[in-house]
Amino acid sequence: NAGVTQTPKFQVLKTGQSMTLQCAQDMNHEYMSWYRQDPGMGLRLIHYSVGAGITDQGEVPNGYNVSRSTTEDFPLRLLSAAPSQTSVYFCASRRRGPPQETQYFGPGTRLLVL
Amino acid sequence: GNSVTQMEGPVTLSEEAFLTINCTYTATGYPSLFWYVQYPGEGLQLLLKATKADDKGSNKGFEATYRKETTSFHLEKGSVQVSDSAVYFCALSDRDGGYQKVTFGIGTKLQVIP
């Protein structure tokens, strides 16, 4: 099993550019989430999905779009990049179930917006 | 809403020293509690978890006990090693509507010096 994979590992964008961060998991997990990690702020939830075709907003959704057409894939789209979106982005997945289900994280994507 | 409080650090210890990282939480329901660890350049991975009051989670010499009366889940290790240098995240999982939402603390950076 590859677990949770993310591409690219690093990306530099100019303000106003758009891009898609890819996330895939091979564990047949129903739940998938996108977080951003910033110094002093921990992990903040951007968007999440409880299954194919179902997505919802987290704490900091502005400027980001998601879709979930398959169980495996959960791409994150930056519509018009801004310097405030410079961050490290993590995708995570877990099984649907009780609260003690473990989340599995990808290795992260470091994004710099100039 | 739910919240998790932990110190940001860094916490600097000498090898073989005793480690305590404090974590307190606020939750409306009956959450499960987790410690995740993030090694440099990697994603988060589960270190240990506890699902109900008085449960003790343990792994790799680390321990934490779910204390409902003090709403705490402090992480301890009797003798740290240089290889334990990482960022440690306390987290809780609780039902939020139809979704098991995970709330993270800001992360505590641990530096262990030889």
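Expressed as a whole percent, the accessible area of chain B that falls on carbon and sulfur atoms is 48 (1.4 Å probe).
In sequence order, what are the phi-derived ³J(HN,Hα) couplings for the range A:93-107 according to the Karplus relation 6.51 cos²θ - 1.76 cosθ + 1.60 with θ = phi - 60°, rounded to whole Hz, with x for glycine and proline? For the range A:93-107, the Karplus-derived couplings read 9, 7, 6, 5, x, x, x, 7, 4, 6, 8, 10, 10, x, x Hz, x marking Gly and Pro.
Which percent of the Cα-Cα distances in the protein assembly as shown go past 25 Å? Mind showing how you got there, number by number?
Numbers: 10470 of 25878 pairs.
Tail fraction, whole percent: 40.
Enter the mean number of other protein chain beta carbons within 10 Å of the beta carbon of each residue in B:101-114, as an integer. Mean partner-chain Cβ count within 10 Å for B:101-114: 3. Checking every one of the chymotrypsin sites (Phe, Trp or Tyr not before Pro) in the range B:12-114 against DSSP loop status and a limit of 14 other Cβ atoms within 10 Å picks out B:F18. In this structure, the amide hydrogen of B:G107, modeled 1.01 Å from its nitrogen in the peptide plane, lies closer than 5 angstrom to those of B:C90, counting only residues at least 5 positions away or on a different chain. The listed peptides A:41-51, A:73-83, ordered by packing as a protection proxy, come out as A:41-51, A:73-83 (highest mean of other Cβ atoms within 10 Å first). One Cα centroid belongs to the range A:8-37, the other to the range B:11-74; the line between them spans 27 Å. May I ask which of A:K14/B:K109; B:K52/B:K101; B:K68/B:K101 have a Cα-Cα span longer than 23 Å here? From A:K14/B:K109; B:K52/B:K101; B:K68/B:K101, over 23 Å: A:K14/B:K109. Here, P(r) means the percent of Cα pairs in each 5 Å bin from 0 to the largest distance; for chain B it is 2, 13, 23, 25, 18, 11, 5, 2, 1, 0. Note on chain A: Cα convex hull, mean projected area over all directions, 6.8 nm².
What the protein assembly as shown shows is 46 Å² of accessible area per residue, with the surface traced by a 1.4 Å probe over protein heavy atoms.
Measuring heavy-atom accessible area with a 1.4 angstrom probe and counting protein chains only, the residues of the range A:10-47 that give up at least 20 Å² relative to the chain alone are A:Y31, A:Y35, A:Q37, A:G40, A:G42, A:L43, A:L45. Interface area, chains A and B: about 1900 Å² of buried accessible surface, summed, with a 1.4 Å probe and ligands, DNA and RNA left out. Under the criterion of Cα pairs below 8 Å and six or more residues apart, the relative contact order for the range B:35-110 equals 25 percent. Cross-link reach is defined here as a Cα-Cα straight distance under 19 Å, omitting same-chain residues fewer than 8 places apart; for B:K77 the aspartates and glutamates meeting it are B:E8, B:E15, B:E16, B:D54, B:D55, B:E63.
The values are calculated or read from the model by the stated rules, or taken from the named source; none is laboratory data. None of these values were measured; they are calculated from a predicted model. Every residue, glycine as well, gets a Cβ built from its backbone with ideal geometry; the counts of neighbours run over all protein chains shown. The area values use the complete protein model at the heavy-atom level, side chains included, leaving out ligands, DNA and RNA. Shrake-Rupley method; radii C 1.70, N 1.55, O 1.52, S 1.80 Å.
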